[in-house]
Structure formats: structure tokens, C-alpha cells
Amino acid sequence: MKEIVDKVGGLDVHRDTVVACSRVRERDGTVTFTKETFSTTRKGLESLAQFLIDAGASTVVMEATGVYWKPVYYALEGLFPQLWLCNAQYVKNVPGRKTDLADAEWLADVAAHGMVRPSFVPPPEIRELRELTRYRKTQVDARAREIQRLEKVLQDAGIKLTSVASAVWSASSREIIEALIAGERDPAVLAQMAKARMRAKIPQLEEALYGHFGAHHAFVAAQIIDHIDYLDSAIAALTEQICERLLPFESAVALVASIPGISTITAQVIIAETGGDMSRFPTAAHLCAWAGVAPASYESAGKRRPAGTRHGSPWLKRTIVEAARAAARSKGTYFSAQYSRIARRRGPNKAVVAVANSMLNVVWYLLTNGELYQDLGANYFESHNDPEAQVKRLSRRIEALGFEVTVTERVA
């Protein structure tokens with residue numbers, strides 16, 4: 001196999017150590033390997049960088065191993081013409097003789113022959129933004145789990161609040177639960193705390209609030225409410241920090257948020273995960289494949305088998321799928337019509353992935369062209385199959401080629 005790089009450095013990264021291998025092809029065609037182990041402390045990484053510089057490495061490649069690659073990558077960033085981070089799944093060595101030194105040599109060898117492609121590592125400002133948006137998501141998930149725990153406490157106490165209220169955490173529900181914690185047990189008094197539309201359900205509330213809410217229930221519920229309040233403040237602080245860092249991307253966030261189903265928070269996550277620069281994705285299909293909402297392929301002996309979707313960015317995939325579910329519930333939009341057509345034939349899960357794929361296609365075009373989203377409408381599929389509409393589209397294509405078109409109706 002033809003070698004495309006003469007001087008390569010391969011790094012097998014661990015928590016405490018990193019094994020480096022320099023692969024150098026001499027003018028006479030011989031290949032020499034030099035291997036050495038370094039610590040992952042600051043001093044050790046400085047020695048590692050000097051080792052690779054002395055070897056003249058033009059390309060340095062490493063595996064993405066958990067979070068351990070980050071200090072190594074950041075220490076070497078900007079020191080070499082090419083610094084590659086590769087998916088460990090794509091550079092597995094032949095089993096049977098595995099050592100750290102052999103892994104480093106193998107990484108250098110596959111990079112020298114162009115057998116691996118680097119992963120996308122965004123610039124520092126986008127990496128910082130990612131840390132904030134991802135941590136905010138973990139806090140949102142923790143908040144949802146706390147609300148579920150509160151529901152379990154109420155069910156254990158025989159309080160059927162969610163049988164009447166639409167959610168366990170609302171203004172009315174919170175006031176009722178805080179009164180239970182304070183010692184109020186009269187269902188009639190508790191039901192009178194309902195607000196707005198819940199006041200129409202006061203008789204049902206009185207029946208649902210008759211239970212055996214004890215002192216231990218009150219203690220646990222109080223702890224849960226305090227934790228939810230803390231998480232609310234943490235999420236608000238993170239959102240404020242994210243908005244400040246997204247000021248240079250304000251126009252990009254507005255473009256993405258113009259798509260039905262995508263809120264401002266979702267648009268912030270999309271910008272943080274993709275970097276907002278679509279030039280690194282040659283086409284919209286590349287972006288969808290990278291996000292993991294494009295179909296995978298499996299063919300053997302001339303037979304194709306279902307392979308689901310590709311492996312991609314889990315954070316972006318989760319975000320765009322959640323947005324697709326929201327878009328599917330919208331009224332009178334192209335995405336809701338697309339979801340309905342596919343869900344009837346293929347089921348809701350495949351339909352929502354198809355909508356996510358379409359939405360990410362739109363994101364690519366909006367950020368590439370700098371234009372706001374214009375919805376095609378819920379009747380797009382019906383009008384697209386209309387014979388008159390087909391004639392008009394065909395006429396426009398022919399006229400774009402410089403010809404004149406005259407349409408006449410053929411009489412049978």
C-alpha cells in the first residue's frame with residue numbers, strides 16, 4: 001500500500017501515561033520506529049512534544065479514549081501541521097499481540113498509509129461552549145429525575161395528584177405539596193389552593209388528596225424541592241453564560257431557531273455541537289451522517305440487510321431527534337406532514353428519524369446560505385403530485401436552460 005506521509009507520530013493515550021511512536025521513512029525506503037513512554041503531567045507532555053518535534057513528525061495521530069485524550073491533544077495543538085484524533089473503533093489492531101507499544105506503532109502505520117480519517121475537533125471557543133451546553137443538559141436531566149422522584153413519594157403516600165393535574169410540578173401542585181410538608185392534611189383545604197384551570201377540578205382534587213402523607217414523606221419531598229430549586233438556579237446561570245458566549249453566533253442561532261420545532265435553546269446546542277461552520281461538511285448528507293441520523297448500510301454476498309442509522313454524535317443526535325418530535329406535533333407544517341406520511345407506513349420511530357434528517361438538511365442550507373427558513377406547507381406532498389404543478393416545475397427547468405415553453409392541452 002502506498003505511503004502518503006513520511007514522518008508520523010502515533011500516540012497510545014492512557015490516564016497516567018502516553019506511549020509515543022515515531023515512524024520515519026528514510027530516503028532509501030527503510031522505515032525506522034522509535035518508541036518512548038511519557039507521563040501525562042505538564043512536564044511529561046512537554047517532553048512528548050519535544051520528542052515528536054525532534055523526530056520531525058508532520059502528522060501526529062491518537063485515539064479518542066474517554067476524556068484522557070483531551071490534555072494530550074490540547075498540549076500538542078498548534079505544534080504540528082496535522083494533529084489527528086481518531087475514533088478508536090476505526091483503528092483496532094489485529095488481536096493476539098496487543099501491547100501499548102504495538103498500539104502506538106499501529107496508529108503511526110495506519111496514518112502513514114492514509115487508512116484512517118481524523119475526527120472533527122472544534123476550535124477552543126466552541127469546545128468551551130460545548131462543555132457548558134452539555135453540562136446544562138445533564139442538569140436538565142437531573143431536574144427531570146427529581147420531579148419523577150417527587151411523583152414516587154406522592155404515590156407512596158397515596159396522594160393521586162397527577163391523576164387530576166396534568167403535571168406533578170406546576171404552580172398549583174407546588175403550593176399543595178408545600179402545604180403537605182408544612183403539616184396540612186385536610187383535602188378540602190388543600191384543594192382550595194388550586195389555581196387557574198385546576199379550580200374546575202376541585203371536587204376531584206379533594207378525592208385525590210386524601211392519603212397517608214407522613215413525616216418521612218414530608219422530609220423527602222422537602223429535600224427534593226430544594227434540589228429542584230438549586231437545579232433551576234444552576235440551569236439559569238448556565239444559560240446566561242451560554243448566551244454571552246453565543247453573541248458572535250447570534251445570527252446563526254436566529255437562522256436555526258426559525259425552523260419549526262427548534263427552540264432557541266435547541267439552536268444553541270446545534271451551534272455548539274457543529275461549530276456553526278458548515279464548510280467542514282461538504283454536503284448536508286455529510287452533516288446528517290456525522291450526526292447519526294443517516295441510514296447505515298450493510299451488504300454481504302450481494303444482499304442488503306437493515307442496519308439502522310449510523311453511529312454519530314450522541315449529543316447532536318439526541319437534540320435533533322427531540323426537535324423532530326416537537327416539529328411532528330406542529331400544525332400545518334411540512335415536517336408534521338412528512339411525519340404523518342411516514343409514520344403510517346414505517347412507524348413513529350423511523351418517521352421521527354426521517355424528520356430529524358430533513359431538519360438537519362435544512363440547518364445545513366440555512367447556515368450555508370444565510371437565509372431564514374420558509375416552510376413548504378402541510379399540503380406540499382399533495383401539490384407536488386398534482387399534474388399541473390409538475391408541468392409548471394418542468395417548464396421552469398426547461399426555461400432555465402434557455403428555451404421557451406408553450407403548454408397546450410392534448411385533446412383525446
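Side notes on the structure shown:
- Any pair with Cβ under 7 angstrom, 6 or more apart, that starts in the range 371-385 at a residue that is part of a helix (DSSP H, G or I) and ends at one that is open to solvent by less than 100 Å² (accessible area, probe 1.4 Å): Y380/Y334; Y380/A337; F381/A337; F381/R341; S383/A389
- Among all positions in the range 393-401, there is no residue which is under 30 Å from G275 (Cβ atoms) and either touching a residue at least 60 places away in the same chain (Cβ under 8 Å) or β-branched (V, I, T) (or both).
- Some residue of the range 157-175 being on the phi < 0 side of the Ramachandran plot, in contact with a Gly (Cβ under 9 Å, 6 or more places away or on another chain) and hydrophobic (A, V, I, L, M, F, W, C): yes
- Any hit, the range 226-238, residues being in a loop (DSSP other than H, G, I, E, B) and surrounded by 13 or more Cβ atoms within 10 Å (Cβ to Cβ): no
- Note on the range 18-39: residues that are in contact (Cβ under 8 Å) with a residue 24 or more places away in the chain and surrounded by fewer than 19 Cβ atoms within 10 Å (Cβ to Cβ) amount to 5.
- Filtered by the rule that a residue be within 14 Å of I271 (Cβ to Cβ) and hydrophobic (A, V, I, L, M, F, W, C), the range 126-142 gives I126, L129, L132.
- Taken as a whole, the range 85-102 holds no residue that is among the small types (G, A, S), loosely packed, with under 12 Cβ neighbours inside 10 Å and either touching a residue at least 60 places away in the same chain (Cβ under 8 Å) or closer than 16 Å to D12 by Cβ (or both).
- The range 40-53, residues that are out of contact with any strand residue (DSSP E or B) (no Cβ under 6 Å at 6 or more places or on another chain), open to solvent by 50 Å² or more (accessible area, probe 1.4 Å) and either within 26 Å of Y90 (Cβ to Cβ) or assigned to a helix (DSSP H, G or I) (or both): R42, K43, E46, Q50, I53
- Where A296 falls short, out of the listed (1) among the aliphatic types (A, V, I, L, M); (2) out of contact with any His (no Cβ under 9 Å at 6 or more places or on another chain); (3) open to solvent by less than 70 Å² (accessible area, probe 1.4 Å): (2)
- When G56, G9 are checked against the criterion of being crowded, with 17+ Cβ neighbours inside 10 Å and touching a residue at least 12 places away in the same chain (Cβ under 8 Å), G9 stands alone in meeting it.
- In the range 37-79, the residues that are more than 37 Å from the chain's Cα centre (by Cα) and not aliphatic (A, V, I, L, M): D54, G56
- Residue within the range 41-48 that is among the small types (G, A, S) and closer than 19 Å to A102 by Cα present: no
- No other residue among A284, A328, A323, A291 is among the small types (G, A, S), in contact with a Leu (Cβ under 6 Å, 6 or more places away or on another chain), under 30 Å from T138 (Cβ atoms) and open to solvent by less than 30 Å² (accessible area, probe 1.4 Å) apart from A291.
- Subset of the range 14-47 (residues that are closer than 14 Å to L76 by Cα and in contact with a Gly (Cβ under 9 Å, 6 or more places away or on another chain)): V18, A20, F38
The values are calculated or read from the model by the stated rules, or taken from the named source; none is laboratory data. Given the structure is predicted, the values throughout are model-derived calculations rather than measurements. Neighbour counts are summed over all protein chains in view; Cβ atoms, including those assigned to glycine, are modelled from backbone coordinates with ideal geometry. These area figures cover heavy atoms from the full protein model, side chains too; ligands, DNA and RNA do not enter into them. Shrake-Rupley method; radii C 1.70, N 1.55, O 1.52, S 1.80 Å.
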